[in-house]
Amino acid sequence: MGFEIRKVGVIGSGQMGNGIAHVCSLAGLDVALNDIAVDRIHAGLATINGNMTRQVNRGLITDDQRVAALDRIAAAPNLDDLSDCDLVIEAATENEQIKRKIFTQVCPVLKPEALLATNTSSISITRLASTTDRPEKFVGVHFMNPVPLMQLVELVRGIATDDHTFNHCKLFVAKLGKTATVAEDFPAFIVNRILLPMINEAIYTLYEGVGSVDSIDTAMRLGANHPMGPLQLADFIGLDTCLSIMQVLYDGLADSKYRPCPLLVKYVEAGWLGRKTQRGFYDYRGEKPIPTR
């Protein structure tokens, strides 16, 4: 009996983690969902149920599929609960120290053949792998947000990732009905290396007074056919996440073109992080979003 990914552990039940649990369970895989607090896991499960209910209402899945999928997700309040997983995906906050700590704690409980993945959007896979007891079984599996809707997964090999691990992760992505693109292990990989400097440039355009929030977003929606404007997208991603990815690019590639815009820094310092805090480049506290500049 060869190795097969049947049970997936997901560490982190926030926006990305609950989305990954959602698509894995719908694809027929068993899922163990872990977080640092039980109420966070329950909040994640509630979000998954809400998102699946929306899929039922849109006719994308049946209610029986929703019930069966939810049944496959188990709350895993302790890392020990991940001991029988074939693949564990870390989807904690985009902070290298936090991720390293998780890997140090989870490795001892995993079975020897278990694969370990990170959903990081920008941190070096090779460097994270070096903190584990299985660098050859470690890989970057970067899902896009929101996970149930987005078709792409970036697969990133570290310097030590072996073919067995990489091929099984390719099969795993295909099983989820998603498309894998292979990226080399350089800062921010493919999507964010291109997308985030564009968002940062849009913020510079605002900072320098070239256009208002509204004119910049309208220009890119109607002039470049983007589904949402770059500032609206930044609010959706989270301005703190945008800043941390720009910082990774700036530190990792040492090129001044990646310097985070001072206005982005200012918004993050103010705690205006976008949708999740109700204010960013738009104010979300009223009936409809109003530009803050």
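Values quoted throughout were computed directly from the atomic coordinates according to the rules given, and no laboratory measurement underlies them. Computed from a prediction, not measured in an experiment: that's the story for all the values here. Using ideal geometry, Cβ is built from the backbone for each residue, glycine included, and neighbour counts are taken over all protein chains shown.
Note down the magnitude of the dipole of the range 7-183 about its Cα centre, charges +1 on Lys and Arg C-beta and -1 on Asp and Glu C-beta and zero elsewhere, to the nearest 20 debye.
The calculated dipole for the range 7-183 is roughly 400 debye.
Which angle between 0 and 90 degrees, to the nearest 10, do you get for helix 163-175 versus the longest principal axis of the chain when only C-alpha atoms count?
It is inclined by approximately 70 degrees.
Which whole-number percent is the relative contact order of the chain (Cα, under 8 Å, 6+ apart)?
Once normalised by length, the contact order is 13 percent.
Could you tally the net charge around VAL210, taking each other residue with its Cβ under 15 Å from the Cβ of VAL210, Lys/Arg +1 and Asp/Glu -1?
-3
Going by average Cβ density within 10 Å per residue, which order do the peptides 90-100, 230-240, 56-66 take, highest to lowest?
Going from most to least packed, we get 230-240, 90-100, 56-66.
Local charge sum around GLU96 (other residues, Cβ-Cβ under 13 Å, Lys/Arg +1, Asp/Glu -1)?
Once all neighbours under 13 Å are counted, the net charge is +1.
Antiparallel as a % of all DSSP beta bridges within the chain, to the nearest 5?
Counting DSSP beta bridges with both partners in the chain, the antiparallel share is about 25 percent.
If I compute Cα extents along the principal axes in Å from the structure I just sent, which labelled value in [x] 63, 46, 33; [y] 67, 41, 41; [z] 51, 46, 35 lines up?
[x]
Evaluate the relative contact order of the range 168-293 (contact order divided by residue number), counting alpha-carbon pairs under 8 angstrom at least 6 apart; express in whole percent.
For the range 168-293, the relative contact order is 22 percent.
Taking the Cβ of PHE143 as the centre, find all other residues whose Cβ is under 11 Å away and add up their charges (Lys, Arg: +1; Asp, Glu: -1).
0
On a C-alpha basis, how far is the centre of the range 85-121 from the centre of the range 203-244 in Å? Whole number, if you could?
Centre-to-centre distance over Cα atoms comes out at 33 Å.
May I ask you to evaluate 6.51 cos²θ - 1.76 cosθ + 1.60, the Karplus curve with θ = phi - 60°, for each residue of the range 277-282 and list the ³J(HN,Hα) values in order in whole Hz, giving x for glycine and proline?
Residue by residue, the range 277-282 yields 10, 6, 9, x, 6, 10 Hz.
If you average the sequence gap of Cα pairs under 8 Å that are 6 or more apart and divide by the length of the range 1-155, what percent do you get for the contact order?
With pairs under 8 Å counted, the relative contact order is 25 percent.
If the cut-off is 20 Å between C-alpha atoms, which lysines fall inside it for LYS170, apart from same-chain ones fewer than 8 positions away?
Output for LYS170: LYS7, LYS137, LYS178.
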